[in-house]
Amino acid sequence: MLALNLKELNELINITHDERIVKYMEELKKVNRSPKFREYITEEQDKEFILNSVRNEGIVEGRAEGRLEGENFQKIQIARNMLNDKINLESISNYTGLSINQINSIKF
């Protein structure tokens, strides 16, 4: 919100008809104009905090994706070993969670 200028804040107030939001926005305008508040956080710091939040969210999502890919790779490796040991497809599916079609598509 620090990055919004007064014109943008006024536009937001005009968009809404909820009295609570109007009151909140009026208070926010006061805070944004306060030099004392600006002593605690600058507009640049606010933007940096937002960027870091977005960046951290991306890291968390990337780790989750990597974990899923690793788990899937491991399932395929286990299924491949079980196929080499001539274990039936239903058992492989039960143990790995892979479908019969996925197991049939595994290349050696």
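The values are calculated or read from the model by the stated rules, or taken from the named source; none is laboratory data. These figures come from a predicted structure and were not determined experimentally. Cβ coordinates were reconstructed from backbone atoms using ideal geometry, including for glycine residues, and neighbour counts include every protein chain displayed.
Which of the residues belonging to segment 36-64 are surrounded by fewer than 10 Cβ atoms within 10 Å (Cβ to Cβ) and either acidic (Asp, Glu) or under 27 Å from Asn14 (Cβ atoms) (or both)? The answer is Glu39, and nothing else.
For the criterion of being at pLDDT below 95, at positive phi and either surrounded by 10 or more Cβ atoms within 10 Å (Cβ to Cβ) or in a loop (DSSP other than H, G, I, E, B) (or both), Lys107 fails. Looking across segment 19-45, the residues that are more than 18 Å from Lys7 (Cβ to Cβ) and assigned to a helix (DSSP H, G or I) come down to Glu19, Arg20, Lys23, Pro35, Lys36, Phe37, Arg38, Glu39, Tyr40, Glu44, Gln45.
With the condition kept exactly as written, say whether any residue in segment 75-86 is of a type outside the set (A, V, I, L, M) and at positive phi. Checked against the condition, which is being of a type outside the set (A, V, I, L, M) and at positive phi, segment 75-86 yields at least one hit. Within segment 71-95, the set of residues being of a type in the set (Gly, Ala, Ser) and either under 14 Å from Ile106 (Cβ atoms) or surrounded by 12 or more Cβ atoms within 10 Å (Cβ to Cβ) (or both) comprises Ala79, Ser93.
Within segment 20-29, the presence of a residue that is loosely packed, with under 12 Cβ neighbours inside 10 Å and modelled with pLDDT under 70 is excluded.
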